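> Take a look at this one; I'll ask things after.
The values are calculated or read from the model by the stated rules, or taken from the named source; none is laboratory data. Here the structure is a predicted model, which means the values were calculated and not measured. Quick reminder, even Gly has a Cβ in these numbers, built from the backbone with ideal geometry, and neighbours come from all protein chains shown. Keep in mind that these areas ignore ligands, DNA and RNA; they rest on the heavy atoms of the full protein, side chains included. Shrake-Rupley method; radii C 1.70, N 1.55, O 1.52, S 1.80 Å.
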Amino acid sequence: MSRNFRAVNLVCALALAAALFPAGAGAGWWIFGKASGRPEITKTFVGGVDLSGTDGKVALFRENLQDGKLPLKAFFRTAKNTPVAQARVSIDGGETWLEKVELDRDSLLLSFAPQEGKTYALKMIITDTKGQENDPADVPKVTFTYNAASAESLAARDLAALAKFYAARDLRGFTSMLAADYRGDRSSLEDAVAGDFRAYRQIDLEVIPQRALVAGPEARVRFRYNMSAVKAADGSVQKVSGETECTLKSEGGVFKLLWLQSPPIFGSTARSDENPSPGGVPVDSGGADTLSAALLPGVITGNASVAYATAGFKFSTQTNPAPAPGAVDVGVGPGAGYLLAYSAGSYGYIAYLGNVDLSTIGTISGMGTATEAPASNGGAYAILTEAGKYAVIQVTSINAGAATVSFKYMYQPDGSPRFR
């Protein structure tokens, strides 16, 4: 074959590659990885927490242990007929390497007994049967620490601290307890709380946690509250009590407010349209007649289940392929503790809407950028798929033992966020 002929073939091949995979294409990273033939680490979990979805520092608690040890699991993929032959894992940045790493077809697993307060830095090297190793960039640059206390007790402690700042009418202290990625309208919440402080010259607030669900770095707390406030205008006393829930997120070992479900005890004097929306996703119910409103033509409904590591769900095909970016739209984490939105490209987001029925949801008007959410029986979730399509699911059952979540769903294939 002549040199010129080979050169022409190379130019044509490059042109074809540019046409098929233009610069900036969302899925380019994994296509390149497959073409290189090197093994790739795709997801890493420590204590059930997805390290790729963190901000670089993770606090782990007693709930993250299994049989007294902290489990570490990483998923990988390799070129065809080239399995992983060896896996090395370090939790001190490569100074020492742990033994007893278990290898499965597409994952590695090990457990270790953590020391309280110690900071760990993860490093993993997998080698296939051709001697090729993964790119070090596959491993998230995350440090994690372990606190032997219960996350539930710490979440209750920090919820009480948030309430204390509110009762003291300390806006700076209150806002210091909001998570960096607070899912509601942060400015509206701060304005609403400031409005409370102007409306009341004295506030007494008691919060009494009832139950908590911990999933990864988040703790969802259901609590009762008793509030007594003296109005600045006329000195009259207003008393209110009830039950609500919030989600707190661990940041640097402190659980901070991620979202507050209605009724909003913080900012209660604001007009209803200024209150933070549950999960940061405003839901337009379409008015009082929504329950009788018909679904728009083309909206697909049904029932499905997802199981950890074995079956996700693809809305466009209504099938249950194995969980992988691009193959499924939604999956479930270990122990069915949380739901995951999958993506190999630019989309793939999930947001909790609260315990609302699908029949009350008309339009989704915002999403945020969360890729996972705690699984709650009866809870509804908005999902923006990798293809840019909207779906809403409502959990109908959770089987923690089998790590399976079942749900009913609505899917809008035309790309619109409207269902009714």
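> Among the candidates ALA219, ALA229, ALA215, which residue alone is buried (at least 21 other Cβ atoms within 10 Å of the Cβ) and at pLDDT 90 or above? Give the steps one after another, and end with the answer.
Numbers: ALA219 fails: at pLDDT 90 or above; ALA215 fails: at pLDDT 90 or above.
One residue alone meets the criteria, ALA229.
Rundown of residues vs (1) out of contact with any Gly (no Cβ under 9 Å at 6 or more places or on another chain); (2) open to solvent by 30 Å² or more (accessible area, probe 1.4 Å), yes/no style:
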site: TYR146; (1), (2): no, no
site: ALA151; (1), (2): yes, no
site: LEU154; (1), (2): no, no
site: MET177; (1), (2): yes, no
site: ARG183; (1), (2): no, yes
site: SER187; (1), (2): yes, yes
site: ALA192; (1), (2): no, no
site: TYR200; (1), (2): yes, no
site: ILE208; (1), (2): yes, yes
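> Check ALA387, ALA351, ALA370, ALA382 and return the single one that is touching a residue at least 12 places away in the same chain (Cβ under 8 Å), under 19 Å from GLY184 (Cβ atoms), touching a Phe, Trp or Tyr at 6+ places or on another chain (Cβ under 8 Å) and open to solvent by 20 Å² or more (accessible area, probe 1.4 Å). Explain how you work it out, then say what you get.
Values: ALA387 fails: under 19 Å from GLY184 (Cβ atoms); ALA351 fails: open to solvent by 20 Å² or more (accessible area, probe 1.4 Å); ALA382 fails: open to solvent by 20 Å² or more (accessible area, probe 1.4 Å).
The unique qualifying residue is ALA370.
> Mind checking which residues of segment 389-405 are farther than 9 Å from GLY335 by Cα and more than 18 Å from the chain's Cα centre (by Cα)?
Listed by number, the residues that qualify are LYS389, THR396, SER397.
> Pick from segment 66-86 the residues that are farther than 18 Å from TYR120 by Cα and outside any strand (DSSP E or B): which of them is least open to solvent (accessible area, probe 1.4 Å)?
Restricting to residues being farther than 18 Å from TYR120 by Cα and outside any strand (DSSP E or B), the top hit is THR82.
> Another question about this same structure. Residues in segment 403-420 that are within 12 Å of ALA391 (Cβ to Cβ) and part of a strand (DSSP E or B): how many?
Within segment 403-420, residues that are within 12 Å of ALA391 (Cβ to Cβ) and part of a strand (DSSP E or B) number 6.
> Going by the structure shown, is PHE112 closer than 21 Å to VAL332 by Cα and within 27 Å of the chain's Cα centre (by Cα)? Full working, then the answer.
Working: closer than 21 Å to VAL332 by Cα: no; within 27 Å of the chain's Cα centre (by Cα): yes.
Considered against the rule, which asks whether it is closer than 21 Å to VAL332 by Cα and within 27 Å of the chain's Cα centre (by Cα), PHE112 comes out as no.
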